[in-house]
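**Student:** Structure incoming, see below.
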Amino acid sequence: MMLNRFKGHAAMFGANSMWGLMAPIAKMVMAGGIVSPLLMTNFRIYGAALLFWTASLFRPYEKVPPRDLMLLAGAGLLAIVFNQGCYIFGVGFTSPGDASIIATTMPLWVMVLAAVILGEPITAKKVGGIALGASGALLLVLGGTHSGIKGDNPTLGNILVLTAQICYALYLTFYRNFIRKYSVFTLMKWMFTFAAIAVTPFSVSGIIDTAWADLTPRDIWGVAYVVFFATFVAYVFTMTGQKNLRPTLVGMYNYVQPVVATIAGICMGLDRVTPAKGIAVVMIFTGVYLVNASKSARHPQATPIDTTK
């Protein structure tokens, strides 16, 4: 039990650290003007699908019946297509600062949906931990927002970014029990396959029009990090965490991302250390501790799944 919980915490910390580091790396790549946000999403989806199918060849074969394939298609749409797609297009319409602030609401949606769908109790420690973590994340985000860039349609952009957070919260909640039926690689290869099928009609023209010969070695290494570490490895870690921790606690690790992004920005000379940033980091990790210490987080076992259907 304790080993599984440790694995879950380590996996979620690792996944969100990689996603946090992805922010400055992806921004660096896309700043070159060759790789657009949509193309970066295509790299992630197609690249991860290929990597998961390749990895599955070295794992025991698992037969997935048509009913479960349909469920995996829904998971791919919620966790990958709608989550990533709505966020990317939302950022295009609103400001990066507003998008980052809205992204901090995801653990709140997970807590509410887990209470409604899974019957998880909403405890005082859980509410306090989420509030403390969100405040720390907001302190980091607002402290690093110095750009005056505004979107063309902030209202639409904010709605899309909020939709992205709700879609991922729905995925964490609805698929809490289902993911225990199969291995990580079986789940991910099908989820990314369905996601790739869904985005292909919207991606063909962009892929054809890209000036591939103009990609620099820095662009290539940046994309490689995003595809392999921030997608393939991070999703393996996320699935491990989701199998061993409650959805609300999984969602809380979302607050690790701005911490890592800030540290990376400082190391790259794009940001600087301030007392407010130190306080924010302490608030975030204290919030994670409080959610982990709440009564409902001590019993991560899911309801047994009827696999005879």
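**Student:** Among residues belonging to the stretch 1-46 that are β-branched (Val, Ile, Thr) and assigned to a helix (DSSP H, G or I), point out the one that is surrounded by the most Cβ atoms within 10 Å (Cβ to Cβ).
**Tutor:** Ile45
**Student:** Also, I was wondering about something else. Hey, does the stretch 196-219 have a residue that's farther than 23 Å from Lys27 by Cα and in contact with a helix residue (DSSP H, G or I) (Cβ under 8 Å, 6 or more places away or on another chain)?
**Tutor:** Yes, the stretch 196-219 contains a residue that is farther than 23 Å from Lys27 by Cα and in contact with a helix residue (DSSP H, G or I) (Cβ under 8 Å, 6 or more places away or on another chain).
**Student:** Sticking with this one: Can you name the number of the only condition in (1) closer than 24 Å to Val260 by Cα; (2) surrounded by fewer than 19 Cβ atoms within 10 Å (Cβ to Cβ); (3) of a type in the set (Gly, Ala, Ser) that Gly90 fails?
**Tutor:** Gly90 satisfies all of (1) closer than 24 Å to Val260 by Cα; (2) surrounded by fewer than 19 Cβ atoms within 10 Å (Cβ to Cβ); (3) of a type in the set (Gly, Ala, Ser) except (2).
**Student:** Would you point out the residue of the stretch 123-173, among those that are surrounded by 15 or more Cβ atoms within 10 Å (Cβ to Cβ) and not in a helix (DSSP H, G or I), that is modelled with the highest pLDDT?
**Tutor:** It comes out as Thr123.
The values are calculated or read from the model by the stated rules, or taken from the named source; none is laboratory data. Just so it is clear, the structure is predicted and the values come from calculations on it, not from any experiment. Please note: Cβ atoms are built from the backbone with ideal geometry, for glycine as well, and neighbour counts cover all protein chains shown.
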